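Novice: What follows is a structure written as C-alpha cells; I'll ask about it next.
The numbers here are math on the coordinates, done by the rules we state, and not lab data. The structure displayed is predicted, hence computed values, not measured ones. Positions of Cβ are generated from backbone atoms using ideal geometry, with glycine treated the same way; all protein chains shown enter the neighbour counts.
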Amino acid sequence: MLLPVFQDLIKPQWRAVLEQLKLSGGLPVSELARQVDASYMAVKQHCEELKKLGYLDRSRVPRTAVGRPEIFYSLGVKADGLFPQAGTAFTVELLEELKGLLGESTPDKVLFQHFQNQGDRWQPLVAKASSIAERIAKLVALRQKEGCFIRVKPEEAGVILIEEFHNPLQRLFEKYPRAVAMEQRMLEGLLGLRLIRRELEGGRAGQPRVIFEVRVGG
C-alpha cells in the first residue's frame with residue numbers, strides 16, 4: 001500500500017492505478033482498465049499524467065491476437081518513493097559503520113536481534129487467534145502496519161498463499177541476504193508452521209514478488 005501521506009494527497013484514480021501496477025508488475029491499458037473498473041481512455045489519461053510526472057514507464061507489447069502492439073505501463077523508479085522503505089539507506093549506512101567498528105558479522109547479529117525482538121512483540125497478538133487462518137490474518141495486519149503490501153489467497157487444496165508485493169526491507173535484504181532466512185524463521189515461529197518461500201520477478205520494474213506457501217491440510 002502507499003504511504004499514508006500519499007493515500008491522502010493522490011487522486012483516488014491515480015492511487016488505484018499505482019497500486020494495481022504494484023500488484024501486477026505492469027499491465028497493458030486494456031487490462032489495467034478492467035482491473036480498476038474504468039474506461040480505457042480514462043485510464044490511459046491517468047497513466048500519461050503519472051508518466052509525465054516520472055512515476056510510470058511506458059512501452060509497447062505485442063497483442064496475443066492480431067493487431068497493433070498494446071501500450072504497456074509499469075512503475076518507474078521514482079514510484080518507489082511512494083511506498084514505505086523503512087529508512088533503508090540510513091540503516092545500511094549505519095550497519096556498515098558498525099561492521100567497520102565491531103567486525104564483519106555485526107550486521108547479521110543486529111538483524112538477528114531485530115527479528116527476534118519483533119517476533120517477541122508480535123507473539124502475544126498472534127497467539128490470540130483460534131485458527132490458522134486467523135493467525136495469518138493477524139500477522140498480515142501487523143506486517144501491513146510495517147509497510148508491507150500483501151494479499152492473501154483463500155485456502156485451496158490445503159494451501160494458503162500469502163503474496164507480498166512490497167516489503168520496506170527489500171533493499172536491506174539485497175545487501176544482507178541472510179536476513180531473508182531470519183525473517184522467515186520469525187514468521188514460521190509466529191504461525192507455528194513451516195513456510196515455503198518463493199521469489200518471483202516483480203515485472204518490468206519494482207521489487208520481486210514474494211509468495212509464502214502455508215500448508216494447512218494433509
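Novice: Tell me, what are the semi-axes, in whole angstrom and largest first, of the equivalent ellipsoid of the chain as set by the roots of 5 times the Cα gyration tensor eigenvalues?
Specialist: Working: eigenvalues 224, 105, 50 Å².
Values for the chain, descending: 33, 23, 16 Å.
Novice: Looking at the stretch 103-177, which trypsin sites (Lys or Arg not before Pro) are DSSP coil and have at most 10 other C-beta atoms within 10 Å of their C-beta?
Specialist: On the way: sites: LYS109, ARG121, LYS128, ARG135, LYS138, ARG143, LYS145, ARG151, ARG171, LYS175; in loops: LYS128.
Qualifying residues, ordered by number: LYS128.
Novice: Counting Lys +1, Arg +1, Asp -1, Glu -1, what net charge surrounds LYS128 among other residues with beta carbon under 11 Å of its beta carbon?
Specialist: Spelling it out: positives minus negatives among the neighbours equals +1.
Novice: Could you work out the longest stretch of the chain that avoids the GluC sites (Glu not before Pro) located in DSSP loops with at most 14 other Cβ atoms within 10 Å?
Specialist: Values: sites that count: GLU104, GLU146, GLU201.
That gives 1-103 as the longest site-free run.
Novice: Identify which of TYR55, TYR73, TYR176 has the largest mean-square fluctuation in a Gaussian network model of the chain, with springs joining Cα atoms closer than 10 Å.
Specialist: For the chain, modelled as a Gaussian network with Cα springs under 10 Å, the answer is TYR176.
Novice: Below 9 angstrom from the Cβ of ASN167, what's the summed charge of the other residues (Lys, Arg +1; Asp, Glu -1)? The partial results should precede the final answer.
Specialist: Details: positive: ARG143; negative: GLU146, GLU164, GLU183.
Residues near ASN167 contribute -2 overall.
Novice: Something else about it: Cross-link partners among lysines for LYS52, C-alpha distance below 27 Å, same-chain residues fewer than 8 apart left out?
Specialist: Cα-Cα hits under 27 Å: LYS11, LYS22, LYS44, LYS78.
Novice: Cα centroid distance between the stretch 47-63 and the stretch 128-165, in Å?
Specialist: What the calculation gives is 32 Å, centre to centre.
Novice: Under a plain spin-label model, where a point goes 7 Å from the Cα along Cα-to-Cβ, how far apart in nm are SER130 and ARG58?
Specialist: Here the answer is 5.4 nm between the modelled labels.
Novice: Rule-of-thumb check for the stretch 4-82: C-alpha Rg over 2.2 N^0.38 Å?
Specialist: Working: Rg = 12.3 Å, N = 79, 2.2 N^0.38 = 11.6 Å.
After normalising by residue count via 2.2 N^0.38 Å, the value is 1.06.
Novice: Same structure, new question: Just how many % of Cα pairs in the stretch 107-215 lie over 22 Å apart, if you round to the nearest whole percent? Could the numbers behind the result be given before it?
Specialist: Values: 1660 of 5886 pairs.
Cα-Cα pairs in the stretch 107-215 separated by more than 22 Å: 28 percent.
Novice: Quick one: net charge of ASP80's neighbours, Cβ under 11 Å, K/R +1, D/E -1?
Specialist: On the way: positive: LYS22, LYS78, ARG171; negative: none.
Summing Lys and Arg as +1 and Asp and Glu as -1 gives +3.
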